[in-house]
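The values are calculated or read from the model by the stated rules, or taken from the named source; none is laboratory data. Remember, it's a predicted structure, so these values are computed and weren't measured experimentally. When we count neighbours, we look across all protein chains shown, and the Cβ atoms used for this are built from the backbone with ideal geometry, even at glycine. Surface accessibility is based on the protein's heavy atoms, side chains included, excluding ligands, DNA and RNA. Shrake-Rupley method; radii C 1.70, N 1.55, O 1.52, S 1.80 Å.
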Amino acid sequence: MREHNDPNYTPPLARAIPLGLQHVLAMFASNVTPSIIIAGVAGLAGGDKVYLIQMAMLFSGVATLMQTIGMGRVGARLPIMQGTSFAFVPIMIPVAKSAGMAAVLGGALIGGIFHFILGTFIGKLRRFLPPLVTGIVVLTIGLALIPIGIKYAAGGVWLMNNKPEFFGGLNHWGLALLVVFVTLGIKFFLRGFLTSAAALIGLVVGYLAAIPLGMINFASVGDATWFAIPRPLYFGFEINAAAVIGMCLMSIVSAIETVGDISAITKGGAGREATDKEMSGGTMADGAGTTLAAIFGGLPNTSFSQNVGLIAMTGVISRHVVTIGGIFLIACGLIPKIGAVIAAMPQAVLGGGVIIMFGMVVSAGLRMLAEVKMNRRNMIIIAVSLSFGLGMQAVPEALAHLNSTLKLLLVSGLLPAATLAVVLNLFLPEEDAATTA
């Protein structure tokens, strides 16, 4: 059938609209979660938190249209769904804590420009990031985020009413576990359309269960308007060296991830290798989307791998289907009441969802490392990279005597792990394939 291998295939609207909404459902929870986390770290509440969530939806939709429709050289013109990236969260957390949202977004804007430039020579970078390196990076991202998920599930990273006795309460853990069990039940015991939205449905069930428990305050929903347009530099703009360096370095990893997603779509859906033009255009769209979002107060975005899997599952590679999903996200991003409803979600409910999401990031890293020969060289690279990366994040006091910029970069955990993985992989001599630990 033509739909199986032609990105330009356009299904009838009666089929295309549900398929487009399915793409939104598959990524919706993951898309807004980074904004909720960073809003909490930066101390945003009320309208500011709602606005950040709005921008996640709006500019994910805009960046998706850049990919599917294209603008000149920008865009792969493939069914690529864009969303707010988890990969940047370990970098943004220390910056948001110490320097605020203006510094986060200043770094994101410059990082987005750098990301865009990467698109002109992305093919030459791939040899520096083999599965060994990318696997370590993705694994570190997941392991660095898991403690955040546990804190949310126990009642929040930021204690309710600043009273420690609320943290770890059975009411919080009960909601978190409800989300986990509903998500797993839908994913493994149901079939078809619902399975792609298992995480979202789990969050909705947890959200509804929290209402009779009095754990949701809908005041911000009532205060939110029905329509609002984004405002440039809503959170301000500040150039912070740690934020800029961190965002630029993570852009390299994000760009390689996008190249991988593009390759997966063309191989799995169209039965061919991705062209240089598609890889370059897709990477440029990543950078352009991130830069545009940062101007209006949104966080960095990238291609969403779970939607690549959805394409394989449905067998529909049409970019026009994903365009419909992007338009729906833009519509959601222009309606603050939707953002307010999401912002009112109890942290324990979100915790149940992100425990699974972050765990899946860890699983993705392990899957990449499964492709690697586990000889002594590669095991040492993994050991040293993870030990320094996760160790520095766990014990930031060990870096107390460094200057503020270097400390911010190292306490993320991700950058030291990624840097060590790249450097060690380049300079440690290869071993005989038969050599094992």
The stretch 1-108 - charge dipole about Cα centre, Lys and Arg +1 at Cβ, Asp and Glu -1, debye rounded to 20: 80 debye
Highest to lowest packing among 11-17, 251-257, 411-417, 111-117, scored as the average C-beta count within 10 Å: 411-417, 251-257, 111-117, 11-17
Nonlocal amide H pairs with L428, under 5 Å, H built at 1.01 Å: none
The stretch 334-437 shape via C-alpha gyration tensor axes, a/c threshold 1.5: oblate
Over the chain: helical MRE at 222 nm, DSSP H runs n ≥ 4 each giving -39500 (n - 2.57), nearest 500: -21500 deg cm²/dmol
Residue among A343, G246, S60 farthest towards the positive dipole end of the chain, charges placed on Cβ: S60
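Which percent of the accessible heavy-atom area of the stretch 208-268 goes to carbon and sulfur, probe 1.4 angstrom? The partial results should precede the final answer.
Numbers: 2070 of 3100 Å².
It is 67 percent, rounded to a whole number.
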Label zone at I211, where the point sits 7 Å out along the Cα-to-Cβ direction: the stretch 345-371 residues whose backbone N lies under 20 Å: 345-353
Dipole of the chain, positive direction: furthest Cα of S85, G206, I317, with charges on the beta-carbon: I317
About the Cα centre, charge dipole magnitude for the chain (Lys/Arg +1, Asp/Glu -1 at Cβ), debye: 360 debye
Global form of the stretch 200-349, assessed from the alpha-carbon gyration tensor, a/c cut-off 1.5: oblate
Global geometry of the chain, whether rounded, prolate or oblate, following the gyration tensor of its Cα atoms and the 1.5 cut on a/c: rounded
Per-residue ³J(HN,Hα) for the stretch 381-393, Karplus 6.51 cos²θ - 1.76 cosθ + 1.60, θ = phi - 60°, Hz, x for Gly and Pro: 4, 4, 4, 5, 4, 5, 4, 5, x, 6, x, 5, 5
Relative contact order of the chain, defined on C-alpha pairs under 8 angstrom at six or more residues apart (%): 35 percent
Between the stretch 213-228 and the stretch 320-367, the Cα center-to-center distance that results, in Å: 18 Å
Pairs from K97/K407; K151/K337; K151/K407; K49/K97 whose Cα-Cα separation, in the structure shown, is over 20 Å: K151/K337; K151/K407
Dipole of the chain, positive direction: furthest Cα of F304, A274, A14, with charges on the beta-carbon: A14
Rounded FRET efficiency, nearest 0.05, which uses the C-beta distance separating I239 from L170 and R0 of 41 Å: 0.35
Candidates A108, A210, A293: whichever shows maximal mean-square fluctuation once the chain is modelled as a Gaussian network with Cα springs under 10 Å: A210
HN-Hα J in Hz across the stretch 91-103 - Karplus 6.51, -1.76, 1.60, θ = phi - 60°, x for Gly and Pro: 7, 6, 4, x, 5, 4, 5, 9, 10, x, 5, 4, 6
Cα centroid separation - the stretch 1-60 against the stretch 84-116, whole Å: 20 Å
Where the stretch 281-431 is the region considered: accessible area per residue in Å², 1.4 Å probe: 38 Å²
In order through the stretch 217-227: 3J(HN,Hα) via Karplus (6.51 cos²θ - 1.76 cosθ + 1.60), integer Hz, x for Gly, Pro: 10, 8, 4, 5, 5, x, 6, 6, 7, 8, 8
Stretch gain in nm, segment L184-L399, where the contour uses 0.36 nm per residue and the Cα spacing is subtracted: 73.4 nm
Under-5 Å amide H pairs with N301, H placed in peptide plane, nonlocal only: S85, T290
Spatially proximal lysines relative to K277 (Cα-Cα < 18 Å; intrachain offsets below 8 disregarded): K124, K267
